[in-house]
Every structure is written in C-alpha cells, then in structure tokens.
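> Just passing along the structure, written as structure tokens.
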Amino acid sequence: SGTKSGTYEIVYSICERLNPDNCATATATVKVFVPTVVTPTTIEAVNDGVTTITSTVGGTTPSVLTNDKLNGVPNPSISSVTLTWNTATPTGFTLNPNGTITVAPNTPVGIHTISYTICAVASPTVCSTASIVVTVSGTTTSTIPVLPIAVDDHSTTAINTPVVVNVLGNDIPNGATTPNVVATPANGTVVVNVDGSIEYRPNTNFEGTDTFVYKLCNTDACASATVTIDVVNKIVPYNGMSVDGDGKNDYFHISGIERYPNNVVRIYNRWGVKVFETEGYDNVTRVFRGISNGRVTIEQADKLPQGTYYYVIEYYDSNNNKESLVGWLYVKK
C-alpha cells in the first residue's frame, strides 16, 4: 500500500542447504501500476416547467438540459451527456439533439408531455429521466418578442496556448446569427470564427483569469453572455475526442504539452491494459488517435472501441522536477 507506480527489481540468492557454497543469484522484476481513483458520476434530470408556444407562429423551447445536473453542476453540455427522447414525436414537433423542441407554425393546439433520459458520456449506465410540458396555444401573443438566449461559458487553457470556445453550444439564438464581441479581454485577443465559435489568444506569458463578453442579436432584441478563461501554467488534457473522420477533435489534445518535450504519455483501457505509449507527445505527429500501439492483449494498429480510457502523463517541468497527471478520456466514434 502506498507504493508509487514504476518498475522494481529485486535481486535474490538461493543456496543448497547441504552445500552452502553452491549458490545462484537471480533478479525478480515487479511492475506496479496505481490505478486512477475515479469519483462516482452523478446525474439528475429535473422536470421542466410548462412552455407555451403559439400555434400560428411556432417556436423553440429552451433546452431541457438547462436545469439538469451532472456531478452537481447545472446545465451540462450536450457533449458530456447523451440525450434520448422517450416519447413519440407529436405532429408538428421536432425533438432536437441539443435538448430543445421546435414547434412548426400551424401545429394543432394541444398539451404534450414529453419524456427524456440523459446519461453521462463518461459513465453510460448513470442515467436519469424527466419530462417537459409543451402547450401549443391557439391565441396569438405577437406582442411578446422572441428573444435570443445567451449563456455564460467557461474554459481552461495552458499559458501561451490559444483555445477555441463553442459559445453557441449552450445558447438558443432564436434567429440570431454570428456572435459579436462587445467587451474584449484585458489580457489577450479574440477572433470570431465563421462557425460562430470564438478563439481566445492569451498575451505572452500571461497567467490568471481573463474574461470577454459577446452579444447575440435577432430582429427583436439582444442577449449577452460572459466567457471566462483560466490560463494556467501547466498542461491541460482535453478529456473528449472523436474518431469519426470529420477532422475535428480527432486526437487526444494536451494543451501546453509542447512546452515540456521531455514527456511520456500512456493510455490504458478500463481493465488496466496499456493500449498506447509514446515519448515526446507534441499534439502534431506524436498523438493518440484512438489506435492502439500496445503489445499486450491489444494488437498494434487496432482501432480501439468507443468508451472510457485512462491516461498517465509524466513530464519534467522547467526546474527538471518530475510531474505526473492522471485522468480519464472518452473516445467517441
């Protein structure tokens, strides 16, 4: 108990009892692997209130995820949970993958209770079920504008390392298009990309917390949200990747690892079998793309199945002190 992970060699000798000078020496090699202690995942789906939409104009509800919780944190991102609609789709309704419900114009009047289930991506068996009530009204409420909804965002990046924030991922634009940055960060710069995401670039050697504000506007009104960026002087592993060939998030990205070239990255499956190892991980050529280069149980060049894996990152800091970082990684296909 308490033994650090690593390889240990024990030298021992055996001698003949009747002839003590007749001896032989050998070495026993013991490999110790300390598994990652994973905090149990919790998820809570909370029933949503009644949303009323006018039949003549239609509309979209807020996301059902807004008041749900993952590990005690409200409004989980759609990338951290899987959403399943349990109720058959009513006429005129579209049950969207992001948790919103779109009602087409001239949908028949009625009251609909729609059930859904959310499960944690990192622990697919941890699930919770709730429902939302959508009332389609026959009376017009044209005097009430349809406002965009902008929700605050938070991200972390390593020092001197840009980060792209998908600010629209938890918003409901309701006709708004590209976000507009109205308050720039004090310790960096931002660029709005064509897909609506915003890239934050910290100033050289800045370390700390920085913020900027963006605004979404449609023909009725505007809504604003604040993006908070923590710039830390360490490496930051991203615990999600997809190997579906779309060119996005297709490898295990470790922000800031290039500042510590003397490193070793190992990936293990849930049974503790090493499926990948490389020295000098650099986010360019030496990367984990969901393909095994292991030599035990898993064959080299095998594409690994979707699921949760565990990483061990060892590197030497600027003072040549050995550091290590362990955590989980979800591979999606």
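The values are calculated or read from the model by the stated rules, or taken from the named source; none is laboratory data. On a predicted model such as this, the values are computed, not experimentally measured, just so you know. A quick note on method: Cβ atoms are made from the backbone with ideal geometry, for glycine too, and the neighbour counts reach across all protein chains shown.
> Applying the selection to region 35-64, what residues are touching a Gly at 6+ places or on another chain (Cβ under 9 Å) and free of Cβ contacts under 8 Å to residues at least 60 places away in the same chain?
Result: G58, single match.
> Can you report the number of residues in region 183-192 which are closer than 30 Å to I101 by Cα and in contact (Cβ under 8 Å) with a residue 24 or more places away in the chain?
So the answer is 0.
> Looking at this structure, is T51 modelled with pLDDT of 85 or more, of a type in the set (V, I, T) and more than 26 Å from Y330 (Cβ to Cβ)?
In short, yes.
> Next question. Looking at this structure, is V167 free of Cβ contacts under 8 Å to residues at least 24 places away in the same chain and surrounded by 14 or more Cβ atoms within 10 Å (Cβ to Cβ)?
no
> I would also like to ask the following. Could you tell me which of the residues S115, S131, S79 is at pLDDT 90 or above and either part of a loop (DSSP other than H, G, I, E, B) or within 27 Å of K234 (Cβ to Cβ) (or both)?
Exactly one of S115, S131, S79 is at pLDDT 90 or above and either part of a loop (DSSP other than H, G, I, E, B) or within 27 Å of K234 (Cβ to Cβ) (or both), namely S79.
> Picking from T41, T29, T52, which residue would you name as being touching a strand residue (DSSP E or B) at 6+ places or on another chain (Cβ under 7 Å), in a strand (DSSP E or B), farther than 30 Å from G138 by Cβ and not acidic (D, E)?
Of T41, T29, T52, the one residue that is touching a strand residue (DSSP E or B) at 6+ places or on another chain (Cβ under 7 Å), in a strand (DSSP E or B), farther than 30 Å from G138 by Cβ and not acidic (D, E) is T29.
> Among the residues of region 152-161, is there at least one that is of a type outside the set (V, I, T), within 17 Å of the chain's Cα centre (by Cα) and at pLDDT below 90?
For region 152-161, residues of a type outside the set (V, I, T), within 17 Å of the chain's Cα centre (by Cα) and at pLDDT below 90: present.
> Let me ask another. Which ones in region 193-245 are part of a strand (DSSP E or B), touching a helix residue (DSSP H, G or I) at 6+ places or on another chain (Cβ under 9 Å) and without any contact (Cβ under 8 Å) to a residue 40 or more places away in the chain?
I198
> Looking at (1) touching a helix residue (DSSP H, G or I) at 6+ places or on another chain (Cβ under 6 Å); (2) in a loop (DSSP other than H, G, I, E, B), which is the only condition P124 fails?
Of (1) touching a helix residue (DSSP H, G or I) at 6+ places or on another chain (Cβ under 6 Å); (2) in a loop (DSSP other than H, G, I, E, B), only one is false for P124: (1).
> Can you tell me which residues in region 216-248 are modelled with pLDDT of 90 or more and charged (D, E, K, R)?
Once the filter is applied, which keeps residues that are modelled with pLDDT of 90 or more and charged (D, E, K, R), region 216-248 yields only D230.
> Checking A183 against (1) surrounded by fewer than 15 Cβ atoms within 10 Å (Cβ to Cβ); (2) within 22 Å of the chain's Cα centre (by Cα): exactly one of these is not met. Which one?
Result: A183 passes all but (2).
> What residue, of P108, P124, P74, P97, is more than 26 Å from D152 (Cα to Cα), out of contact with any strand residue (DSSP E or B) (no Cβ under 6 Å at 6 or more places or on another chain) and surrounded by fewer than 14 Cβ atoms within 10 Å (Cβ to Cβ)?
P108
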